[in-house]
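Below is one structure, written out as structure tokens, with a few remarks after it.
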Amino acid sequence: QTVPAGLTRAQALLLIPWKEIHSALDGVGPVSGRRFLVTGAGIVGFCFGYLLRRRGAAHVTLTARRLAPLTLAQRLGAADSLWLADQPAPQQAPYDAMIETTGSVAYAASQLGQVRRGGEVYAYAIYPDMDQQATFAPFQHAHRFQRIDPREAEADAAVCQLACEGALPDDELVGRSG
């Protein structure tokens with residue numbers, strides 16, 4: 001990884017996650033005007049939410065089990081709305097697509113009711129000891145499942161440009177807690 005001159009420590013540390021998510025998002029197809037539910041508000045969920053909004057998503061909701069990462073994500077522009085997992089479903093449902101970043105099949109399955117029938121479910125997370133396609137087979141009757149994998153080399157120039165422009169909120173992400 002060549003780090004462009006002038007980047008902060010935080011920007012340099014987060015280049016790879018930004019590149020991975022930027023390139024994986026290409027597997028989602030056109031984003032503009034679509035409504036997304038992103039499961040998980042860790043760094044991966046945050047990056048998906050942030051880039052979905054930059055690409056023109058009509059609405060992005062992040063859902064997670066803890067409030068702190070959700071509020072940070074919204075404050076930094078990665079979400080239009082938040083959904084704390086133990087709260088009632090948001091009024092923004094149904095969503096056109098869900099991007100699953102938690103790696104928890106049970107959690108992902110619990111969120112599928114928020115995706116419109118025929119909507120897409122994209123899995124970015126890694127599911128240990130399971131074939132991802134088979135993991136989501138029970139949901140195929142109502143949703144289209146697709147794994148999205150990163151190809152960060154393809155995103156190198158675009159992400160480095162965004163970082164150099166200061167368009168990625170890296171500094172607060174590296175120092176965050178909670």
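Every number here is computed from the coordinates shown, using simple stated rules; none is lab data. Since we're looking at a predicted model, the values are computed, not measured. Here the Cβ is made from the backbone with ideal geometry for all residues, glycine too, and neighbour counts use every protein chain on show.
Shape of the stretch 41-129 from its Cα gyration tensor (a ≥ b ≥ c, root eigenvalues): rounded if a/c is under 1.5, otherwise prolate when a/b > b/c, or oblate?
Because its axes are fairly even, with a/c under 1.5, the stretch 41-129 counts as rounded.
Distance from a point 7 Å along Cα→Cβ of Ser110 to each backbone N in the stretch 36-75: keep the residues under 11 Å and list them by number.
Output list for this probe position: 64-66.
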